[in-house]
1. Protein chains only, probe 1.4 Å: how do R211, R39, R85 rank by accessible area, largest first?
2. Would you mind getting me the FRET efficiency between K179 and K9? Use the beta-carbon distance for r and R0 = 25 Å, nearest 0.05.
3. With n ≥ 4 as the cut-off for DSSP H runs, can you work out [θ] at 222 nm for the chain, using -39500 (n - 2.57) per run divided by the number of residues, rounded to the nearest 500?
4. Roughly speaking, what is the stretch gain from A77 to M288, that is 0.36 nm per residue apart minus the C-alpha to C-alpha distance, in nm to one decimal?
5. Lys pairs in segment 147-297, Cα-Cα under 15 Å, at least 8 apart or on separate chains: how many?
6. Please calculate the 1.4 Å probe accessible area of M69, with all protein chains present, and give it to the nearest 10 Å².
7. Among V201, V119, V97, which one shows the biggest mean-square fluctuation in a GNM of the chain, springs joining Cα atoms closer than 10 Å?
8. Any idea how far the Cα center of segment 86-114 sits from the one of segment 148-221, in Å?
Amino acid sequence: MKNLHKPVKKAVFPVAGLGTRLLPATKVMPKEMLTIVDRPLIQLAVEEAREAGIEEFIFVTSDGKEALMQHFQDAPALMENLQSRKKLDQIAKINKVDLPASALKSVKQDQPLGLGHAVWCAKDLVGDEPFAVILADDTVLGEESCLKQMMTAYTKTGGNVIASCEVPMEDTSKYGVFKLADRDGNIFSVSGLVEKPDPSVAPSNMTIFGRYILQPEIFAYLDKHETGAGGEIQLTDAMAKLINDQPFYGYVFEGERLDCGSELGFVKAQIAFALKKPHLAPEIISYMSAKLKESIL
Ligand code: G1P
């Protein structure tokens, strides 16, 4: 019998997308390099993975996304400059970001064929072990990171674990949606998955959030390159098939979901993250109160 409880040490970051919802900001700048207060989205995602015990970081990139890899690589000229000026705080910040060269891998997705295709591109780098997938524009604010919470759930359940959160029923057509079986606290068994269903046919209003722990058997279904919703190769469709072979769980994470792929979510994330910073929070609060008064009058 296959061991479905192996530790998860690799994470895949699909970062090849064009970020069209955030144009013109993303015309030249990769979406994942846009910053929330002081850190780019990709850094938040990598920090989350590190906190959850991930040791190998696999970026699925495309042309024009070179900055994403560079952000985590040595920057000798910058370091020399900071050292000569004894900028110790800044040096510490840069050291925190760097990843050892052996831990950072990348693979190109040559055509934008969908999330399932992006994950499939990482197949050889993942190999025969369970792995995490993190969508960097789905950001979470909480006491403990979403992937770490999921890892704790995975130590109990094994198998495949997908982050989930509730949305208003009218929004199901924006997300992958779960068909739920039994629920026990934050963990529920999944009996089906549908990508972006119309609310009239959606099996629930529990949706997929961009964090996954998957067994490598998912690649057998992604290999088929079948297209689904929007004419794209969907990760959700491959997972829906794997449900017949392996246990699947939804994990209702504790924390606030912030969709940084949309203007509104991006602005909310700036405010929410800034309010977590003691040196910014008081000023932000008084600025926002003044702005609120202005908009009421
Ligand atoms: C992707 C997934 C979808 C999931 C969503 C979460 O959709 O296909 O199942 O609910 O991420 O953000 P996308 O946002 O790429 O359209």
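The values are calculated or read from the model by the stated rules, or taken from the named source; none is laboratory data. What you see is a predicted model; the values in this text were computed from it and never measured. Note that we place each Cβ from the backbone using ideal geometry, even for glycine, and neighbour counts take in every protein chain shown. We work out accessible area using only protein heavy atoms, side chains counted, and drop any ligands, DNA or RNA first. Shrake-Rupley method; radii C 1.70, N 1.55, O 1.52, S 1.80 Å.
1. Numbers: R211 5, R39 60, R85 135 Å².
Most to least solvent-accessible, the answer reads R85, R39, R211.
2. Numbers: r = 30 Å, r/R0 = 1.21.
The value I calculate is 0.25.
3. Result for the chain, helices only: -9500 deg cm²/dmol.
4. Details: separation 211, 0.36 × 211 = 75.96 nm, distance 3.94 nm.
Gain in length upon complete extension: 72.0 nm.
5. Working: K148/K156; K174/K196; K179/K196; K179/K241; K224/K241; K268/K276; K268/K277.
Pairs that pass both the separation and distance tests number 7.
6. 30
7. V201
8. 29
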